[in-house]
1. Charges on Cβ only, +1 for Lys and Arg, -1 for Asp and Glu, centred on the Cα centroid of region C:4-136; of C:Ala62, C:Val41, C:Leu128, which one is farthest towards the dipole's positive end?
2. Each residue of region C:93-101 in order: what ³J(HN,Hα) in whole Hz does its phi give by Karplus 6.51 cos²θ - 1.76 cosθ + 1.60, θ = phi - 60°, with x for Gly and Pro?
3. Amide H of A:Arg359: which non-local residues (sequence gap of 5 or more, or other chain) have their own amide H closer than 5 Å, using H built in the peptide plane?
4. Are there trypsin sites (Lys or Arg not before Pro) in region D:57-149 that DSSP marks as loop and that have at most 14 other Cβ atoms within 10 Å, and which are they?
5. For peptide A:253-262, how many partner chain Cβ atoms fall within 10 Å of a residue's Cβ, on average?
6. Expressed as a rounded percentage, what relative contact order does region A:310-389 have, with Cα pairs under 8 Å and six or more residues apart?
7. With loop defined by DSSP as not H, G, I, E or B, and exposure as at most 16 other Cβ atoms within 10 Å, which is the longest segment of chain B clear of exposed chymotrypsin sites (Phe, Trp or Tyr not before Pro)?
8. So which GluC sites (Glu not before Pro) in region D:45-149 pass both tests, a DSSP loop state and at most 12 other Cβ atoms within 10 Å of the Cβ?
Amino acid sequence: MNNLNFINPFSVREDPGSSVGDLYTQNFSRHAKTGTVILNLGPQHPSTHGVLRVIVELEGEYVIRAEPVLGYLHRMHEKMAEVKTPWQFIPNMGRVDYLHPVAWNWAQVGACERLAGLEVPERAEYLRVISCELNRIASHLMWWGAFVMDLGGVTPILYAFEEREKINDILQIITGSRLTISYFRFGGVSADIDERFVRLTREFIPYLRERLKMYKALVTDNVILRRRLEDIGPMGVDICQRYGATGPVLRAAGLPRDVRRDIPYGVYPKLDFAIPAGPSDDCFGRYLVRLFEVETSLNIVEQALNELPDGPVKMDKAPKANWKLPAGETYFAVEGARGQIGVHLVSDGGKTPYRLKLRAPSFCNLSLFAEAAKGVLLADAIAILGSLDLVIPEVDR
Amino acid sequence: MDLSITSLAQIIIACLMVIGLMVANAVVMVYFERKTAGFIQRRPGPYEVGPRGTIQAICDSMKLLGKQLFIPGNVDWLLYFLAPVLAFFPVLLLFLPIPFGKFLTAMSVDEGILLILAFSGLGVISNILAGWSSNNKYGLLGAARAVSQSIAYEIPMIMSLLAVIFLSGSLNLSQIVEEQGSWPWQWNICVQPLAFFIYLVSLVGETNRAPFDLPEAESELTAGFHTEYSGMGFALFFLSEYANMLLVSFVCVTFFLGGWKGPFLDGFWWTFIKAYLIMMFIVWLRWTFPRVRFDQLLNINWKWLLPLSILNLWITAIVVKLL
Amino acid sequence: MTSLDSLAELFRQADAFVISNHDFKTQGLVMSAVIPAKNLVSLGRSLCAGGYSLLDISTLEASEGFLLTYHFDNINQPGRLAVRLLAPTGKPVVPSLCDVFQGAEWHERESRDFYGVVFDGNPNPLPLLLAEDFDGSPPLRKNPKDLAPLSALGLFGQPQSVDPAWEAYVNPPAKESSPKAEKQA
Amino acid sequence: MFRAIVDNIKGLWSLIVGLSITGRFFFSPVKTVHYPRQVVDPESLASYRGPLELVPADDVGGSKCVSCQMCVRACPGNCLTVIKGKEGKAPETYLYDFTLCCLCAACVESCPTSAIRFSHNVYLTARTREELHMDLLADLKARAAKASQ
């Protein structure tokens, strides 16, 4: 297999192992044992959240091997960055991860700001934190509902949507959109908050805290859910290190790694918040870490609203749409809802960036699924897949 | 039992009425279930078709009737078409011995419960035929699950019913109701709470309803054994699922909740009210809980329900013997 | 915990052409090194032992060839590194890091999809993000004028040590190719 | 064994708690805003970014646009077409292809005369692609005519 033809890297396809299915299935079934079933989960499957496809080899109900197949939602964002000015690329970021677009906004805008050395007014930094954390809550709530739906409980997702709608209403006041948000601008943000934003957010924080208690009683403490999740899909520090997993997956494994704390950006160093680590590296641990993060984010929003300074929300002479980046290289990371979002930006001083590499946390988190799903039941494999919190547009970019 | 013309006519009329009941039940239950799901999830549910969406279920069934029959390639078409029919017709038979009212029984059989238990085992054959014949891996997995689940849950179900049969000393359903009184504390549920609980759990397992809907677990197996069915085939499975629910609810009412007897005025309405309350409970369960895993499902049955039901049976037997 | 000095020592052991320090505030890296491709796996092994995990592989198309930047971060104590390799345009073959960091498999396949870089040792020969029946050259820059030389991209921060051969390769004084580059291939 | 029994009884209790929660929600009012009988309150749409519209400069349907092409150049999706009129600076055509628009506000923020803005039209529907190719000048005139009536 290693004797690749160096001229055409894809020439292997002339040697299919079996003639059933497409090339991925053929390549996968080449190593299949006899008496097993090769099953394609997806790309249209209720629990793959979009268009992920996982080929699994089943012996009875046990998954012997699994291999995710990507690329059904690939949109070439990285190439698009090379033909658009940095400003024009901001709206793309909302489309990379539709659940936590603000963090991706931040990653790209922050990378350009670092490279160009732009100063962001302090009020804008606070607004960035507020919007990013509200959006993180929305993302985690959506994950919570979808995850419980993967486990067969259909109702919680609609409760989660109630809260998510409230957050969307709040974010819409400043960003103008509800899903594919492009709120950040080089040197600031696009709009200031108003009295209504503050009022709704202040109402929302105690409301969600109350609802979280309901979530706990309805779902977290539910014996069916606990027995579905406890001791399922353990992912220790070792596997996280080898696969580059970040975010709640790594934190559940017991390492309090969070870019907000480790490599601070924005005004996070001034804010006081806890980074959860543990309690267990199984699906239930990842579940608890995310719910804890919702509370953390609520605290951050509350603090940021209290400490919000006055001032402009955009620097003077903020870059326009035809702004050019200076030559140079930078790597900027932010903590998204799914893990470390990284932007590797290389510019040759031209109109458009020379290279923009997006590091999607879901991409790395998904890559460990093949190893984590070995030897588990099919239902557990679905639970593990759900506990990774995947957003397929982000995986495929 | 004499097979005169009148009794034959009685059976035929009863069959027609039961078909009517099954269809009406499905229509009502679809609407009811969707509304319940809606209210639990804080949305109105069906709303647009007819006043408050009441005609929605009828429209949907018309749509199912009018749909093209889509047959996937490489199906074993005889079995593929047989399966939905097999799912539907045994259920029909099962309604015959149910006493809806004091004199409202299609066919009063002395061994009524035996008939029900024997024929309810047929339902699973349709599931396995559907899963096998439709040439689909999800279907096959769903069928395998359906078989082991329904075999497993039949046992505690029968055991819990046996305890009641010990008490009343009869297999005749009317007789069992007659043994109970009109007021709730005179019902068998007060004498046999454990049996009632076991029956309730195995009822959910036997009808493949959430949280025990493993054969059609949509997040794992897309739709399980009926993945490849559309149109009328799907409608028949659907119909038989609701009919099965209704049936086990009727059995539950007969055995534990005093059948047609109720406070103030006995009559068939009590049977229906109680049966639909149980159906409501099943629906409520579905929209509240996540699904159990398959090994857990079997563990609940073999490690807990079965020993408990045997224990219950022993105690009942001893108590009946002593008293 | 790996201090900067021991890191530099690690890079030196891997025969790094260039070892440079970076301003973390603006560039987001603490240190970077350009190493010969053949030493990648051994360096990866020592980084793995030091608690580093692979963040991503970012491939850059420059006029000298494909510059692959492997970003590493320590999972115990944050500090981002970049390890770079240069794969020549005509025959871009580099060793695969899959044996050390299994997560590298997908990053490598992505790189192969979009840049045609071949990773020797990657267990999966199929495209990752492109269509399975995609047949053609990877979506590279067609016009050579679009390609920037490495020296124009400001990649190397404040170099600690620069191999003269590398200097000659990146900023060729004359037309002839450097012996170092051929050694890599 | 004993612990397992206690665990299971606790588990059953958690199921009852869950049932009581969904039961409570069953009787609480629904949250749906029933469009088209009800609409969300306009206050919450005040900053909603709907399709673009031109800002009226006067009552007769004139625009503030000076045809400087800044918006056209800024647009990442190339959804704007502005053609300068024969006389003066006012545009002759201002076409807007909503199918390509990503509502990023690049045009709005780059306009030197603040001649375009986002409408708050949430309820836009179209049956064909062509309906989303909008002529903003005609739209501006229509709005002016409607306002004068």
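1. The residue sitting farthest along the positive end of the dipole is C:Val41.
2. 10, 10, x, 8, 9, 4, 5, 8, 10
3. A:Gly342, A:Val343, A:His344
4. D:Lys86, D:Lys89, D:Arg127, D:Arg129
5. 2
6. That works out to 21 percent.
7. B:104-263
8. Listed in order of number, the matching sites are D:Glu87.
Read-outs throughout are calculated quantities, based only on the coordinates presented, and are distinct from any laboratory measurement. As the structure is a computational prediction, the values presented were derived from the model and not from experiment. A quick note on method: Cβ atoms are made from the backbone with ideal geometry, for glycine too, and the neighbour counts reach across all protein chains shown.
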